[in-house]
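To start, the structure itself, in C-alpha cells.
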Amino acid sequence: MKMCIACGMPMTQIGDYPLYDISKNYCKYCAHTDGTMKLFDEKLAELTAHYIKIHRMDDIIAKQTAYVILKKLPAWKRK
Ligand SMILES: [Zn+2]
C-alpha cells in the first residue's frame, strides 16, 4: 500500500489515485483536475483552511501547524 507523498493519506483503492493512475505517488486530493500534483503553497492553504474550520484554530497557529505537518512528508521535505 502506498501513502500519498504530499499529504500522508494511505491510498488503498484505485479511486484514491488521481485519474485512477496507480503509478502516481500522490492522492486525488493532492492533484489538479489534469492529474498533476498540487504545489506546496496550495496544500498549505488547503490544510490551513481545514484546521481553521475543523479545529477552530487561530489563523497563524493553523498555518504553522499545517507547515510543520507538510514538511514531514516526502514531497516537501527538501523545500
Ligand atoms: Zn494527498
- Query: Could you state the principal axis extents of the C-alpha atoms in region 38-79, from the largest down, to the nearest angstrom?
  - Reply: 29, 17, 13
- Set LYS2/LYS72; LYS53/LYS77; LYS43/LYS77; LYS28/LYS53, cut-off 18 Å on Cα-Cα distance; pairs above it are LYS53/LYS77; LYS28/LYS53
- Message: From the C-alpha coordinates alone, can you work out the Kirkwood hydrodynamic radius of the chain, in Å?
- Response: 12.9 Å
- Message: Order 60-66, 42-48, 12-18 from most to least packed using the mean count of other Cβ atoms within 10 Å.
- Response: 42-48, 60-66, 12-18
- Item | Added length on full extension, which subtracts the Cα-Cα distance from 0.36 nm per residue, ILE61 to SER23 | 10.2 nm
- Message: Given a Förster distance of 25 Å, report the FRET efficiency between ILE52 and THR12 from their Cβ-Cβ distance, rounded to the nearest 0.05.
- Response: 0.35
- Message: Per 0.36 nm of contour for each residue apart, how much would the distance between THR33 and MET3 grow if the chain were fully extended, relative to their Cα-Cα spacing?
- Response: 8.8 nm
- Note on the structure: Surrounding charge for CYS27, neighbours by C-beta under 10 angstrom, Lys/Arg +1, Asp/Glu -1, total +2
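Values in this text are rule-based calculations from the coordinates and carry no lab data. Just so we're clear, the structure is a prediction, and the values are computed from it rather than from any experiment. Reconstructed Cβ throughout: ideal geometry from the backbone, glycine too, with neighbour counts over all protein chains shown.
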